[in-house]
1. Can you confirm whether L836 is hydrophobic (A, V, I, L, M, F, W, C), crowded, with 19+ Cβ neighbours inside 10 Å and outside any strand (DSSP E or B)?
2. State whether one or more residues within the stretch 225-235 are farther than 20 Å from I758 by Cβ, of a type in the set (D, E) and modelled with pLDDT of 90 or more.
3. List the number of the failed condition for V727; all other conditions in (1) modelled with pLDDT under 90; (2) among the hydrophobic types (A, V, I, L, M, F, W, C); (3) in contact with a helix residue (DSSP H, G or I) (Cβ under 6 Å, 6 or more places away or on another chain) hold.
4. Working carefully through the options F973, F959, find the one that is in contact (Cβ under 8 Å) with a residue 40 or more places away in the chain, farther than 20 Å from W630 by Cα and in contact with a strand residue (DSSP E or B) (Cβ under 7 Å, 6 or more places away or on another chain).
5. Yes or no: the stretch 934-943 includes at least one residue that is over 25 Å from D631 (Cβ atoms) and buried (at least 21 other Cβ atoms within 10 Å of the Cβ).
6. Could you pull out the residue among Y282, Y271 that is assigned to a loop (DSSP other than H, G, I, E, B), under 30 Å from H419 (Cβ atoms) and in contact (Cβ under 8 Å) with a residue 60 or more places away in the chain?
7. Scan the stretch 366-381 for residues that are part of a loop (DSSP other than H, G, I, E, B) and more than 17 Å from I347 (Cα to Cα) and report the count.
8. Would you pick out the residues in the stretch 250-281 that are at pLDDT below 90, of a type in the set (S, T, Y) and over 20 Å from R533 (Cα atoms)?
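The values are calculated or read from the model by the stated rules, or taken from the named source; none is laboratory data. Bear in mind the structure is a predicted one, so any value in this text is a computation, not a measurement. Positions of Cβ are generated from backbone atoms using ideal geometry, with glycine treated the same way; all protein chains shown enter the neighbour counts.
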Amino acid sequence: MAPCRGVSDKQHSWTRTASVLLAREVTCSICSNQFSAKGIQSHTRSCEKAAKAKKLQVQRRRQGINHTPLHAESAASTSSSQTNLKQINTPGLAGNSTREEIQHHDLDMDIDLERDIGVEAVSVIPALADSGPQIPPIGTYVRIQHHPSSKLPDKVYTLDEYLESRAREDTKSTLGLKKPDATVPKVHHKLPWFPFKTEADFDFAEFAHKYRLTNPQVDDHLRRMRSIWCKGGDMDLTFKSHHDIDAVLEAMREIGVKFMTKTSSAAYNDYTGEEVHVEFEYQVCSLLDVVRNVIRDPVLSRHIQWFPTRRFLIIDGKEQQFIDDVDCTLDWWTYQTIVAPIGGIYIPLMIYADGTQAYRFRGKKFHPIILRLAFLPSDIRNTTGKGGGTLIGWIPEIDMPATEKENVSFTDFRNKIVHIVLTDLFSTIRLSSQIGEPITGLDDVKRLLCIGVTTVSLDFEEATTFANTRGVKALFPCPICLVPHDALNVISEGDYSRTQEQSIKIYKETEPMLRRHGTITTAENVLKRHGLRPVRNSFWSIHNSDIHKAIAYDIGHGIDGGIAKRLILGVFEYLSNKFKDRRNLSIIDDRFSLLKAWTRWVHLEKITEVSYVDQKTWLCIFMRILGVVWDLEQDGRRSMKHILTCIRALACLRCILGIHFILNEHLNLAERFVKRFADSLPNAGRVLGHDLNIPKIHLLIDHAVDHIRRKGPLKDIGTMLGEHGHVEVHEDFEQVSGFESEKQVVKLRETRAMLQVIRERVDEYSRNEEGESSTPDNTLNPPRQNRRKTKALPLQPVLGSPQHKFPAWQLDQVDVTRSSQSEAFRNSCQQLLTYLKEKAASNVFPEIADNGNVQPYESLQLCYRSLSTQSHAWEYVHCSEQFYRRTRYDCVLVDCPSGQFFARLQGLYTCTVFKKLWSVARVTKLKPVQNQRSNVIGFPHVREERSGVWIDISCITRFVYEQPTFERRDEYFINDTMDSDMFLRLLVRSD
């Protein structure tokens, strides 16, 4: 199949696919006549309406009762809310869809090859005809375009109003981004702590579970309360031992989402050719129950974003689209357009599965599956606790015998196990993905929910398993596209995308040959030519989902713990001649010890003795390594520049991909650095002696930018160790005995979830008893761990750590301790007075009040608007001889009317002149140095000047991270890749 060239051709290919799908003949499920797929929906509704009317007439004749027509619902109720939709019984999107039967042992499925599952295969519904609100020509605004299914008009807000609504804890916002339910339900039982007998019973059980008390500890606490602490007094606690608590917790778990323990088996041919059957056990829960519980939760339901949006940033009349969450991306919008004709609301699921060292316990490796609900805000779904990442099942880990390491049949067998588990996991949403699931929320609105999977965040190895592709050594190893193995590190000029329809078709053609003796080899060769395995994919049973398009680029696994780690280890090996001479490694350690700490990253004194570190530590090393090793060579070879160029390009690309508030211009910029990184790979690979033609690099240069456009910021669709369930699952392992660990962990998860529900009921009951409002503002957000209260940030710099005042004339005697010359400011006091005279535009020479004293300070709090998040942030800079036993005279970015420059703080002062308090700083400028080395490294190369100047502290924009060049004492590199905001600010300089 010849690839389609260019982005526009890619869009045309999807249009052609949509035309083919809509032009096919399908059978009406009611009248059994053949019609075009393009008009099947309208015809089905007409047939269904006629059949209902006929059935109603028959009933009236038989019973003589005048019934109200089933379809005559109140028009006012269906149009009053964005989520009030008529319940329409329809065969779904595919009129010719066949019944899907699943059997675990051989994973048989009757797969509909013609159903609509392609992203972008359906034209987007045009926007509302309303011209929308008027936008002022001057200023910064955000325009929100709601999906036409929501029946909401466009809205425009200022940027600050929009950002405030996103960060505000009170969800009663007028922006309409997350419309709260109109009512708050009452507790479901007369006593909210049901099934506990008393509130004290519930509180003690919650206390014991929260602090992980063992059974002997629980019994000892109960004994002391009865015999010592509450002896002779009233006590509502009815528990006598831990057995009583276990019984109530068991009854409580029956109310919530239950995990089902299932047993299945699969077979493979061992190295001798003999068939081996393996029986395994696994735990899964109902995805439909998880979604239903969140929709009916009195707290989480307030945060649900039912429909996707498009968001535009407007600066002085110029508009460009931006992405800051998964609810304003292309995939969700397209899938919602597909289900809109049947009155459905698309519910996107985000799945993550990874077997990392976080899940190694007592010599065994566990592989959990974590679910995130995309219709919840990112600050809820990306954390632990209620509404965050939810454990929904376990993938059994089958140990590989030493004799089967090269056995392809055993690898296929392990893939089959994964899809057996996923088939059971998806069993409850298969039907709802096609025809919808009617669910009534707490606001008494019935919605037709079409559940699908839009994002599957995995490491490369797991991605090949979920997509059933053959892995690293295959002819086409990528689970997303059909780029050949020898072109993984080259930017693809055409569209080689895999589609689920193609995979299904190829498998259906080879399936009969796989079951006949003598044709198995032929079938496997056909599958190998497309990089597929002879295993049926569980994702094929879900409508409006495509596993090849759902796989998301994971920035944590891809760059932070993958490519960056590979390059760093390659640099170490290159500089030490494969560790025969460790002199250069000692130099690297010595240089790292001189770097200053920064709160955003881990500070390491030594880095060459690492065995296993997490991906955040690898990224921390990577962001600092460029300025440390730039001048190190081995045996006089001059090839280091190729390595430096590659590291620089990747660091810049990481900054762009880490942006939270992504504009179109950011994505265009990312594509530039993708090309720069791809061009540097061949030379860097030859120098390092490593093959950089690996799938993780291909996923970065070919798919990362596209995934941001379609799925959202990489911080939302990727994973980081410690997020959404990692911490809780890891802590749960510490409580289990080691026997049937998976069952014990899921029991702990069930217990925690139900205790949170009862706690909300009890708290609401207590507020009502005290006569307080049933909907206080502080209950609108679900409990989340490590949630910080927002505080108002000062828009102007604020001085801190005041010192003793001294006469202004002593400024001439204050040494510039961090300057390379270590000499005093000459005529510093006179320069200060001259500066204040010019600032005040006065003809009178100033005099300093308060007996001529000035007030020194040692720190400065800066508030700035981050270019990567568009929100306000703050940080501290220091100007002190002793700060944690080290001298800290920080460097800052100064933005004055005369221009932008780097400077080092030498003093922070306030003084009163002209009856006004002035806040000033004494700085030495860092003058840019242009040379060939700077062009290779990419960092701004600066040299500190001898003389100093006075500036107003309001001109100080941000702290900048400088590190020595290790060549001259007065020369430094400005590390602009320490965070995305600084990189964007200094992009012109660094480019």
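1. Yes.
2. Scanning the stretch 225-235 turns up no residue that is farther than 20 Å from I758 by Cβ, of a type in the set (D, E) and modelled with pLDDT of 90 or more.
3. All conditions are met except number (3).
4. Only one candidate qualifies: F959.
5. Scanning the stretch 934-943 turns up no residue that is over 25 Å from D631 (Cβ atoms) and buried (at least 21 other Cβ atoms within 10 Å of the Cβ).
6. Y271
7. The qualifying residues number 1.
8. T261, T272
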